[in-house]
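These notes are about the structure you will find just below.
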Amino acid sequence: MTGYDEERIAELLRALPAPPDSWVKAAQELPRARAEIGEILTRLEADAVFRAALVADLESALVAEGYEATPSVVAALRLQLGVD
């Protein structure tokens, strides 16, 4: 560390350009997406029929159960399920 004090760090941060709107939106959606993924994973453990439906057709099964099949949720679930 170079020994910058808090005021200097704040000054440097203010000098940075604003983040792209897409980054801000993605960061705002993270807590909800994580909670939804956690809920789905918990349900997978308890409901074999739901798990089979997700493995067979992930996006359609999510939509049929009232979940939004966002790219981030789908990608995280594909990793957890080990499906392509």
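The values are calculated or read from the model by the stated rules, or taken from the named source; none is laboratory data. Quick caveat, the model's predicted, so the values are computed rather than measured. Methodologically, a virtual Cβ is constructed for each residue, glycine included, from the backbone with ideal geometry; neighbour enumeration extends over all protein chains shown. Note: accessible area is taken over every heavy atom of the protein model, side chains too, but ligands, DNA and RNA are not part of it. Shrake-Rupley method; radii C 1.70, N 1.55, O 1.52, S 1.80 Å.
Looking only at region 1-40, residues that are over 19 Å from the mean Cα position of the chain (by Cα) and part of a helix (DSSP H, G or I) come to 10 in all. Inside region 37-72, can you point out the residues that are among the aliphatic types (A, V, I, L, M) and within 25 Å of LYS25 (Cα to Cα)? Across region 37-72, the qualifying residues are ILE37, ILE40, LEU41, LEU58, LEU62, VAL63, ALA69. Of the residues making up region 60-71, those that are in contact (Cβ under 8 Å) with a residue 12 or more places away in the chain and open to solvent by less than 70 Å² (accessible area, probe 1.4 Å) are LEU62, TYR67, THR70.
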